[in-house]
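The values are calculated or read from the model by the stated rules, or taken from the named source; none is laboratory data. Quantities reported herein were computed from a predicted structural model and do not represent experimental measurements. All Cβ positions, even for glycine, are placed from backbone atoms using ideal geometry, and neighbour counts span all protein chains on display.
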There are 2 protein chains.
Amino acid sequence: MSKVRVHNFFVSLDGYSAGETITLDEPIGKAARLFSKYDGRVIHGVDAVDEPITLDRALTSMWGQGIGVEIMGRGKFGPQTGAWGDDEWRGWWGDAPPFRTPVVVLTHHPRDPIHFDNGTSFHFLDAGPEDALAHARSLADGGDVRLGGGPSVVRQFLKADLVDFMHLVTVPVVLGVGGSLWDDELTEIQDRFTVESATSPSGLTHHFWNRTARSRRPGAHGQRPGTA
Amino acid sequence: MSKVRVHNFFVSLDGYSAGETITLDEPIGKAARLFSKYDGRVIHGVDAVDEPITLDRALTSMWGQGIGVEIMGRGKFGPQTGAWGDDEWRGWWGDAPPFRTPVVVLTHHPRDPIHFDNGTSFHFLDAGPEDALAHARSLADGGDVRLGGGPSVVRQFLKADLVDFMHLVTVPVVLGVGGSLWDDELTEIQDRFTVESATSPSGLTHHFWNRTARSRRPGAHGQRPGTA
């Protein structure tokens, strides 16, 4: 079974990973500071940029390895909320979104898929984590599934025990406000994972979470009563 | 210009990276201990193995990113020395060598190329570093060049100032004897590089060498008098 992976999930010292409010001018809200001390991710491979290959860049380069599909929340796709006013919004990324695979956008307001020449396509789906994952896998051509965030999407999948791997990155900045991955219900999640951490010379700390045990609670993936 | 990169170059606490003698039974001589405390490289991507994605595995997964060709010494290709007794030896790796690109094998005894179905091919060349690199680039289809070792090959290219990046890994074991990357002539090499190091929870220390300055000595790449 293909893995469900989270990559390059940046977290501030006070635990926030996204801004509270997303606007056209501030696509990740006030969380931009998370990236201001960092010199760039190389999501398509360390050879893709003409810059030194640092430890941080090397680790962010896992992002695309063997990935066949991404699942993201609507807030990552665009700043709109509610029903779509028109269909002209095609995401933040212009004519060549960086994904290069199908992307499932979770929204209560489905619309027609959007296709780009570089292999990226957006598929809008109103579904919970299990169904969204099944649909994503049907688009993945056997590849792994990347959970692209935001924090609330990752949290939903963690609660459903559907996450196999997370690469979290602690950034030594303080945001003060924002969206957090964690809540009270998630405190026991850490017991399902083996966690390995290392600090890079830049000051970022990289955390590798690998799932070692599955949850036994009803509703967890593959153990839902009555589900084949 | 494509980069010349060294990846996953393991070094013992006493500075050795290869065994003194290579035999059929001991392809890397007594240096096997370098790998005995380490749980495996994932050279074709973190998705390629059904194992936890550790920091070490993540870093070794850079090995193939954007690589179009490898250059290796004859000792890495086989244990034979001198003239080829027959042409039956096709490398250590069976019918599917892991390289999946052309490989230039440096030897004073050229022979016909060998091709495999998985994209690997071996090309035997009697040449110094500059000419070997030019030939390798002609086979690389625009990709980067990986220097595959052994230590003496990497040393030759360092002396010719042809190396852009090295990922060295200090392994906390002692070999006692072996082949070393370094010699007296190479002590000033470090001044050409920015070096970044981080220790992983496994005990391996990863060193990232990125070239920041080119040598000015005659004979260095691109500055050879009389070379266009």
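For region A:177-213, residues that are surrounded by fewer than 17 Cβ atoms within 10 Å (Cβ to Cβ), more than 13 Å from chain B (Cβ to nearest Cβ) and β-branched (Val, Ile, Thr) total 2. Got at least one residue in region B:58-67 being closer than 25 Å to A:GLY64 by Cβ, of a type in the set (A, V, I, L, M, F, W, C) and free of Cβ contacts under 8 Å to residues at least 40 places away in the same chain? Checked region B:58-67: at least one residue is closer than 25 Å to A:GLY64 by Cβ, of a type in the set (A, V, I, L, M, F, W, C) and free of Cβ contacts under 8 Å to residues at least 40 places away in the same chain. Go through the residues of region A:31-39 one by one and say whether even a single one is charged (D, E, K, R) and under 16 Å from the mean Cα position of the chain (by Cα). Scanning region A:31-39, I find no residue that is charged (D, E, K, R) and under 16 Å from the mean Cα position of the chain (by Cα), so the answer is no. Within region A:17-54, can you find the residues that are at pLDDT 75 or above, polar (S, T, N, Q) and part of a loop (DSSP other than H, G, I, E, B)? Scanning region A:17-54 gives a single hit, A:THR54.
Here is a yes/no grid of residues against (1) modelled with pLDDT under 95; (2) among the hydrophobic types (A, V, I, L, M, F, W, C):
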site	(1), (2)
A:MET72	no, yes
A:GLY78	yes, no
A:ALA83	yes, yes
A:THR107	no, no
A:PHE116	no, yes
A:LEU125	no, yes
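For region B:106-128, does any single residue satisfy the condition of being within 14 Å of chain A (Cβ to nearest Cβ) and closer than 26 Å to B:VAL11 by Cα? Within region B:106-128, not a single residue is within 14 Å of chain A (Cβ to nearest Cβ) and closer than 26 Å to B:VAL11 by Cα. Considering the conditions (1) touching a Lys or Arg at 6+ places or on another chain (Cβ under 8 Å); (2) closer than 23 Å to B:ASP47 by Cα; (3) among the hydroxyl-bearing types (Ser, Thr, Tyr), A:THR107 is excluded by exactly one of them, (2).
Under the condition of being over 20 Å from B:VAL6 (Cα atoms) and either of a type outside the set (D, E, K, R) or touching a strand residue (DSSP E or B) at 6+ places or on another chain (Cβ under 6 Å) (or both), the residues counted in region B:94-123 number 12.
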